1. Evaluate region 31-47: report whether one residue or more is of a type in the set (D, E, K, R) and in contact with an Asp or Glu (Cβ under 6 Å, 6 or more places away or on another chain).
2. Right, LYS183: at pLDDT 95 or above and either buried (at least 16 other Cβ atoms within 10 Å of the Cβ) or hydrophobic (A, V, I, L, M, F, W, C) (or both) or not?
3. Any residue in region 27-54 that is under 22 Å from LEU80 (Cα atoms) and β-branched (Val, Ile, Thr) sitting within a Cβ distance under 7 Å of a residue that is surrounded by fewer than 22 Cβ atoms within 10 Å (Cβ to Cβ) and at pLDDT below 95? List the pairs, counting only those 6 or more apart or interchain.
4. Could you please find all residues in region 186-195 being modelled with pLDDT of 95 or more and either under 23 Å from ALA131 (Cβ atoms) or surrounded by 12 or more Cβ atoms within 10 Å (Cβ to Cβ) (or both)?
5. How about region 196-209: which of its residues are open to solvent by 40 Å² or more (accessible area, probe 1.4 Å), part of a loop (DSSP other than H, G, I, E, B) and either in contact with a strand residue (DSSP E or B) (Cβ under 8 Å, 6 or more places away or on another chain) or basic (Lys, Arg) (or both)?
6. Does GLU226 qualify as being at negative phi, without any contact (Cβ under 8 Å) to a residue 60 or more places away in the chain and among the acidic types (Asp, Glu)?
7. Looking at (1) over 14 Å from the mean Cα position of the chain (by Cα); (2) over 24 Å from MET151 (Cα atoms), can you tell me which one LEU37 breaks?
Amino acid sequence: MPVAFFESGGAESIDTENLNGPLVVVLMDAIGIREELREVARALNELGYSVALPNLYYREGRCEDMDFGTPEGHETIMRLYMGLSHEMVSSDMKFLLASLAHDEPVGLLGYCMGGANALVLAGAYPQFIRAAAAIHPGGIVKEAKDSPHKMAAQASGELYIAIADDDPYATVEQVATLDRTLKQSEVSYHLECYKGAAHGFAFKSLPSYNADAAARYWQATVDLFERNLK
């Protein structure tokens with residue numbers, strides 16, 4: 001699995017045994033690894049975090065910098081997205097954490113499907129994940145045993161969940177189920193619905209980009225990591 005790694009000192013100086021700051025893992029959305037996500041990783045690195053950006057589509061090849069705006073690119077991305085399960089991501093994260101975490105607290109920042117994966121992983125690896133931000137997550141309530149809303153209830157770290165007000169992938173009913181489940185489990189979390197924001201509000205390349213919502217989630221995520229990782 002290719003993992004882009006961002007740490008002060010440059011790529012040549014990476015020492016996975018002695019990270020220069022707390023580890024944050026950025027979890028890609030369905031569009032996959034591209035410059036927008038690398039920019040997120042660099043921004044977190046500038047705040048003092050070591051940042052890992054794993055390419056979770058590696059089973060199908062490198063699959064980076066794909067064009068979601070073309071019919072062919074859209075078809076490829078949706079095929080890759082549909083072929084990636086929470087079980088696969090959990091397995092990948094097991095090895096990433098074994099390589100990089102070294103029993104230190106870890107933060108997660110995930111978008112769209114990455115947001116759903118952040119909730120799953122926070123519950124799957126509570127001994128590592130001290131903070132997880134799920135930004136406009138989709139597919140948050142499913143029947144499966146590893147549904148994000150069920151797994152998040154097993155988290156021991158703090159969760160921040162930013163839900164788009166206009167989001168067919170996170171319906172009002174699903175959000176209510178997630179909120180109710182987390183309340184019953186007594187997980188430390190903050191769930192916010194962003195009024196006037198649509199799914200994908202975090203990324204400038206998408207027509208749903210919302211500058212105010214993007215600034216809001218970013219500050220909330222920075223504050224989350226400051227509280228729990230430093």
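1. Keep residues of region 31-47 that are of a type in the set (D, E, K, R), which gives 34-36, 38-39, 42, 46.
Now narrow it down to the ones that are in contact with an Asp or Glu (Cβ under 6 Å, 6 or more places away or on another chain): 34.
Checked against the condition, which is being of a type in the set (D, E, K, R) and in contact with an Asp or Glu (Cβ under 6 Å, 6 or more places away or on another chain), region 31-47 yields at least one hit.
2. Details: at pLDDT 95 or above: yes; either buried (at least 16 other Cβ atoms within 10 Å of the Cβ) or hydrophobic (A, V, I, L, M, F, W, C) (or both): no.
Taking the combined requirement at face value, the residue does not satisfy it.
3. ILE31/MET66; ILE31/PHE68; ILE31/ILE77; ILE33/GLU64
4. The first filter runs over region 186-195 and keeps only residues modelled with pLDDT of 95 or more, leaving 187-195.
Scanning region 186-195 gives VAL187, SER188, TYR189, HIS190, LEU191, GLU192, CYS193, TYR194.
5. The first filter runs over region 196-209 and keeps only residues open to solvent by 40 Å² or more (accessible area, probe 1.4 Å), leaving 196, 204-205, 207, 209.
Cutting the leftovers down to part of a loop (DSSP other than H, G, I, E, B) gives us 204-205, 207, 209.
Of everything in region 196-209, just one residue is open to solvent by 40 Å² or more (accessible area, probe 1.4 Å), part of a loop (DSSP other than H, G, I, E, B) and either in contact with a strand residue (DSSP E or B) (Cβ under 8 Å, 6 or more places away or on another chain) or basic (Lys, Arg) (or both), namely LYS204.
6. Details: at negative phi: yes; without any contact (Cβ under 8 Å) to a residue 60 or more places away in the chain: yes; among the acidic types (Asp, Glu): yes.
The answer is yes for GLU226.
7. (1)
The values are calculated or read from the model by the stated rules, or taken from the named source; none is laboratory data. Being a predicted model, the structure only gives us computed values, none of them experimental. Heads up, the Cβs are rebuilt from the backbone with ideal geometry, glycines too, and the neighbour counts pull from every protein chain shown. In case anyone asks, the SASA skips ligands and DNA or RNA and just uses the protein heavy atoms, side chains included. Shrake-Rupley method; radii C 1.70, N 1.55, O 1.52, S 1.80 Å.
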